[in-house]
1. What full-extension length gain, to one decimal in nm, is calculated for Glu43 and Asp22 as 0.36 nm per residue of separation minus the Cα-Cα distance?
2. Compute the distance in nm between two label points, each set 7 Å from the Cα along the Cα-to-Cβ direction, one at Ala168 and one at Tyr84.
3. What's the long-distance tail for the range 11-114, i.e. % of Cα pairs beyond 17 Å?
4. So what J values fall out for the range 330-337 if you push phi through Karplus, 6.51 cos²θ - 1.76 cosθ + 1.60 with θ = phi - 60°, rounded to Hz, Gly and Pro as x?
5. For Arg403 and Lys99 in the same chain, what is the full-extension length gain: residue separation times 0.36 nm, less their Cα-Cα distance, in nm?
6. For the range 7-154, what does the relative contact order come out to in percent, with C-alpha contacts under 8 Å and a separation of six or more?
7. So, with +1 on the Cβ of K and R and -1 on the Cβ of D and E, and no other charges, what is the size of the charge dipole of the range 7-154 about its Cα centre, to the nearest 20 debye?
8. Stretch His245-Asp331 to full length: gain in nm at 0.36 nm per residue minus the Cα-Cα span?
Amino acid sequence: MAQEHLDSLSAIDASFLHQEGDSTHMHIGGVAILDGPAPGYRELVDHIRGRLHLVPRYRQKLAAPPLGLGRWRWIDDPNFHLDYHVRHTALPAPGDDAKLRALTARIFSQRLDRTKPLWELWMVDDHSDNRWALISKSHHSLVDGVSGVDLMTMLFDVDVVPRDTGTAHWEPRPEPSTAQLAASAINGGVKRLTGLPVRAVAGAVRGPAEAIDKAREAVEALGEVAWAGLNPPPDTPLNVKVGQHRRFATVEASLDDFKAIKDAFGGTVNDVVLAVVAGGLRSWLHARGMRTEGLEMRACVPVSVRTDDERGAFGNKLVQVLCPLPVYVPDPIDRLRHVSEQMQHVKDSKQALGAEVIAGAQDFAPPTILAQASRMNFSTRFYNLLVTNVPGPQFPLYVLGRRLRAVFPVPFLAGDRALAVAVMSYDGGMNFGLLADYDGLPDVDELTRGIEGALAELLERAGSGPLSRRAVKTTRTRARARARRRAAAGVKPGA
């Protein structure tokens, strides 16, 4: 889909702008680890410059109509400078994973400048000949996690030899005047207000019985969403006021690990992800000396409603569903089965449909109402933390002939929540990225150990099948390698 000058943000995209504050940064991204040696900075910049025509939104910035007449618009940035967005830095020598995570946390502690296109890409040298890194950061109003995988086409190739993407001359269109922005906003509002009733009436005339059934289903769906909201999640140490600064932690796993568990005990890969997160939270709470009897936390899980025809299009096509995290269940298999049963109830219910109805209705809301609705969507009374699982390509990708070794997603914190968990699969890997408030979750590494332990428990119990045995062996080998690296670095066991 082409990105046009003066495009209006969708309701969901606009909600991410309304939600953003000094301590609530609505950007997302990832940390990509690539095989070395790293290219030169100018070589990387030229590589990106030659592909920017694939993602024209990356040269556009926000413009606000006067007097709050309508939603923000995307306009060409006449002062676009690629060197501002593509940045080069290095870790203190010698570079290591901990220093890379600390740099990521610092980068994601800073809001994007809304007077410029809403993205950054950091090239990171770690003083090693065998690896380097890229840290990407884009505002959530620009791209959601699922379409963000498609945006890799700008930078990555499926072969060692970079593909020819062609060239395109870019000439920024003049910035619109205040009167032009006002006229665009008014015209857009009229189209939204007049378009929906016409479509609805036309559909009702063609098929009145179908229209009645759809209306009844929508009302029932909204009721299920309202009921979920009227049953608030428990208060936990995660649900505190957050500051501006962040911590970032990672867990590295294999997609075969999750498939082995799914094959042994049923459910889906996403069920296993939620069960592992629940197990990690249980261990973390116990490490803090807290009891978990009867405690069921609630996760917000974004679900993409993007159709096949819309893949690669910019903007957000997401709805939210609320899923239980039974931290009170001590047995890992019982915990997984409970998650699977509850997730099936969510799928059988109309909760996802209700969320989509709300998202669609927001397309016709005045900006002031939309701002309030966006804050309601992130209200702490709905859920304890965000858990998102993004499927990535299951084949290797390359940048300027360098293989992408691993990628760790970086989510965002919204509302009074000190933790968000993102998971992304890529080329057989299944990696977790945990973004935490700096003061609210100083023990985030304890949570990563809990997640690793919960996964290991399920793999041990799933060790009867051949695939499961391979997965358990892989995890044990990886754990032994980590232990050797920690010992070589002088880290004491258990530290």
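Computed from the coordinates by the stated procedures, all read-outs in this text should not be read as laboratory data. Model, not experiment: these values are computed from the prediction. Note: ideal-geometry Cβ built from the backbone for every residue, glycine included; neighbour counts use all protein chains shown.
1. Details: separation 21, 0.36 × 21 = 7.56 nm, distance 3.52 nm.
Going from the current span to full extension adds 4.0 nm.
2. Those two pseudo-labels are separated by 2.2 nm.
3. Values: 3628 of 5356 pairs.
So the pairs more than 17 Å apart make up 68 percent of the total in the range 11-114.
4. x, 7, x, 6, 4, 5, 5, 5
5. Values: separation 304, 0.36 × 304 = 109.44 nm, distance 2.16 nm.
Contour length minus Cα-Cα distance gives 107.3 nm.
6. Values: 223 pairs, mean separation 54.8, N = 148.
About 37 percent, as a whole number.
7. Details: 17 positive and 19 negative charges, 80 e Å.
Using Cβ point charges on Lys, Arg, Asp and Glu, the range 7-154 gives about 380 debye.
8. Working: separation 86, 0.36 × 86 = 30.96 nm, distance 3.54 nm.
Stretched fully, the His245-Asp331 segment lengthens by 27.4 nm.
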